[in-house]
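The values are calculated or read from the model by the stated rules, or taken from the named source; none is laboratory data. What you see is a predicted model; the values in this text were computed from it and never measured. Positions of Cβ are backbone-derived with ideal geometry, glycine not excepted, and every protein chain shown enters the neighbour counts. Surface areas here come from the heavy atoms of the whole protein model, side chains and all, with no ligands, DNA or RNA. Shrake-Rupley method; radii C 1.70, N 1.55, O 1.52, S 1.80 Å.
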Amino acid sequence: LPLAMVKAPARVVAFVDGLGALDARPRGILYEEPLGSALPSEFGAWTATLRRAMDARGWTSAFQEAGVAEGLLLAHYHQQWGLGYACVNTAIAAGADGIWCSAAEEGAAQGHACSAVTLLGLARLGNDDVAARYDLPALGKAAKVVTHATTRRAPYPRQVVYGPRAVDHLP
């Protein structure tokens with residue numbers, strides 16, 4: 001997606017429009033920034049473009065039309081330069097319904113913006129929907145389990161949210 005959005009954004013919009021025109025269209029679109037090199041403003045602009053293209057075809061977000069589980073737009077961002085969480089939060093603000101990722105950062109060679117840190121960060125910022133919808137302490141425990149299963153080690157000591165030195169320590 002990043003290269004296509006930079007070099008041929010009209011083709012991306014046409015592709016999304018074509019998907020939205022299908023009689024049996026997909027439930028949504030999953031997209032990623034695999035190198036972690038886009039800035040939050042770029043990732044947010046791409047997200048807004050995808051959302052507008054989906055909405056123009058009547059392929060609305062589940063959060064815009066409660067109870068309709070179609071038109072989902074999910075983002076994934078790799079951590080190369082440390083902008084992962086800024087990028088996924090910007091994408092959510094720009095129209096993404098959520099993220100697709102592991103519970104923990106481990107997995108991809110350079111890590112990625114994981115669900116534990118993203119969701120716990122949103123809850124900490126006052127997102128009551130996230131706090132009500134998810135068992136956040138269980139998500140923190142799951143991140144520890146995923147980290148161990150992936151690396152055969154405990155989370156990095158300075159891992160935010162679910163590492164042993166996290167300020168808001170989870171049980």
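A few comments on the model shown:
- Converting phi to 3J(HN,Hα) with the Karplus coefficients 6.51, -1.76 and 1.60 and the offset θ = phi - 60°, segment 118-124 yields 4, 5, 5, x, 4, 5, 4 Hz in sequence order, with x at every glycine or proline.
- Using a simple spin-label model with pseudo-atoms 7 Å out from Cα toward Cβ, LEU3 and ARG153 lie 3.2 nm apart.
- For segment 84-171, the alpha carbon positions stretch 36, 27, 19 Å along the principal axes, listed from largest to smallest.
- Cα shape, the chain, gyration tensor, a/c 1.5 rule: prolate
- With the whole protein complex present, TRP46 retains an accessible surface near 20 Å², based on a 1.4 Å probe.
- Rounded to the nearest 20 debye, dipole of the chain from Cβ charges on Lys, Arg, Asp, Glu: 460
- Rounded FRET efficiency, nearest 0.05, which uses the C-beta distance separating ALA56 from TYR134 and R0 of 25 Å: 0.20
- Surface per residue (accessible, 1.4 Å probe) for the chain, Å²: 54
- Of all DSSP beta bridges in segment 24-155, antiparallel share, percent nearest 5: 10
- Coupling constants for segment 6-14 follow from the phi torsions by the Karplus curve (6.51 cos²θ - 1.76 cosθ + 1.60, θ = phi - 60°), and in residue order they are 7, 8, 8, x, 5, 5, 5, 4, 5 Hz; glycine and proline get x.
- Against the chain, whose longest principal axis is taken from its Cα atoms, helix 136-151 shows a tilt of about 80°.
- Among TRP46, GLY18, VAL88 - extreme Cα towards positive end, dipole of the chain, charges at beta-carbon: VAL88
- Percent accessible area from carbon and sulfur atoms, segment 67-171, protein chains only, probe 1.4 Å: 58
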